[in-house]
Amino acid sequence: MTLALFDLDNTLLGGDSDHAWGEFLVSRGHVDAEAYRLANDGFYADYRAGTLDIRAFCEFVFAVLARNEPATLKQWRDEFMAECITPLLLPKAFDLLAKHRDMGHTLVIITATNHFVTELIAERLGVEHLIATTPEQTPDGRFTGKLAGTPCFQAGKITRLQAWMDERGESLDGAWFYSDSRNDLPLLEVVAHPVAVDADETLTRIAQERGWPCISLRA
């Protein structure tokens, strides 16, 4: 079936869930506020500039997961969803997902943000398939603080997507991909229908040069 692929942060959401998670942890006093906010903002600036060290960022984010019990983390995540994610949901994003669903496409969210943070967001958006950066867990569900497999970031999105397609017998024939970020150029360049969504300056320029559609889910 034709794949309809969607980046999550600043594409289907009107903000960045990864950065917002860090802000939530700071606001609740779950981390050292000054040091954590400084690092979180720095990593986000690097991401926006296309210079993020994804492995260093994963180490930073996953340390919090490793320090806390799974039940505690899930309680925090429920609060985060209600307070921080619900305001970022975009009616036009739901309309776009519905359009592709009505066309019989297989909907997939593919995001650099980790699976723990994003799995409930994908459920809220009604998207069954989620490919995300994966934090390692022990058999009893505790996080180790380590990265499992390839980060779902930049060219790593292609690696992770290819593995997912191989498992399911899917292909990129006729595929769509929606993204806001220059970091997603590797995947945008290999799909039949690349679409820039509320894109950063670099992606907007490239999309215009190449004749890719540029749309907004916020306006």
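List of remarks:
- Residue in region 160-176 that is of a type in the set (K, R), over 26 Å from G211 (Cβ atoms) and open to solvent by less than 60 Å² (accessible area, probe 1.4 Å) present: yes
- Among the residues examined, F153 qualifies as part of a loop (DSSP other than H, G, I, E, B) and under 14 Å from the mean Cα position of the chain (by Cα).
- Residues of region 194-208 that turn out to be in contact (Cβ under 8 Å) with a residue 60 or more places away in the chain, outside any loop (DSSP other than H, G, I, E, B) and open to solvent by 10 Å² or more (accessible area, probe 1.4 Å), as a count: 1
The values are calculated or read from the model by the stated rules, or taken from the named source; none is laboratory data. Keep in mind that what you see is a predicted model, and the values were worked out from it rather than measured. Please note: Cβ atoms are built from the backbone with ideal geometry, for glycine as well, and neighbour counts cover all protein chains shown. Just so you know, the surface numbers come from the protein's heavy atoms only, side chains and all, with ligands and any DNA or RNA stripped out. Shrake-Rupley method; radii C 1.70, N 1.55, O 1.52, S 1.80 Å.
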